[in-house]
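Remarks on the structure that follows.
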Amino acid sequence: MTTIDIPGYRPGTYVLDPAHSEVTFSVRHMMISKVRGTFGVKSATLTAPENPLETTVEASVDVTSVDTKDEGRDQHLRSAEFFDTENFPTMDFVSTGARAEKGELFVDGDLTIRGITKPVTFEVDFGGFGSDPWGNYKAGASAKAVINREDFGLTWNAALETGGVLVGKDVTINLDLQAALQQD
């Protein structure tokens with residue numbers, strides 16, 4: 001079985017520290033620039049066995065918290081034309097595996113948006129481990145994935161007079177996460 005050596009790795013259950021974690025996204029706007037936004041992380045749990053590549057992840061993002069610094073756009077994103085947060089208030093991820101390839105770490109899993117589940121791969125940049133001043137053992141990582149929003153039923157768009165469309169199909173999801181090892 002394949003394994004990797006991660007300095008400081010400790011098996012156990014890690015729970016997300018929302019004060020030190022962030023989920024952001026970016027998408028093409030008018031084919032000429034990008035709109036960026038954030039979501040609040042509702043919960044995330046990493047179960048880390050002896051072999052780091054057998055780690056499992058379950059996470060939930062509060063889609064109602066979408067913030068693009070434009071309240072009108074945020075309301076539109078919460079509407080039935082996009083996320084339909086009244087019926088689908090969360091975006092959920094459940095890992096299906098992890099792998100190391102050519103020095104890179106990847107986490108595969110199922111992402112659910114608007115009740116539609118599709119496979120997604122996150123490229124992970126592992127930050128490391130460390131103890132905070134209060135004796136909590138923490139892990140940090142960043143991850144990135146690109147999804148086609150239309151695969152998840154996010155199909156609203158508007159044609160532009162100059163050609164193209166208002167909203168691009170590809171959405172880049174970036175995660176900056178910190179989690180604490182739960183004490184027995």
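Coordinate-derived values only; no laboratory data. Predicted model, so just to flag it, every value in this text is computed and none were measured. Please note: Cβ atoms are built from the backbone with ideal geometry, for glycine as well, and neighbour counts cover all protein chains shown.
Annotation for segment 104-162 versus segment 40-94: alpha-carbon center distance of 9 Å. In the chain, helical runs assigned H by DSSP with n ≥ 4 each contribute -39500 (n - 2.57); averaged across all residues and rounded to the nearest 500, the mean residue ellipticity at 222 nm is -1000 deg cm²/dmol. Lysine pairs in the chain whose alpha-carbon atoms fall under 19 angstrom of each other, counting only those eight or more residues apart or on distinct chains, come to 9.
Each label was represented as a point 7 Å from its Cα along the Cα-to-Cβ direction; for R36 and Q182 these points are 3.4 nm apart. Spin-label model, T47/T2: points 7 Å from Cα along the beta carbon direction are separated by 2.2 nm. Sites listed here are GluC sites (Glu not before Pro) in segment 17-126 whose DSSP assignment is loop and whose Cβ has at most 12 other Cβ atoms within 10 Å: E50, E81, E86.
Computed on the chain, with alpha-carbon pairs under 8 angstrom and 6+ residues apart, the relative contact order is 25 percent.
In this calculation the C-beta distance from F106 to T13 is compared with R0 = 22 Å, giving a FRET efficiency of 0.50.
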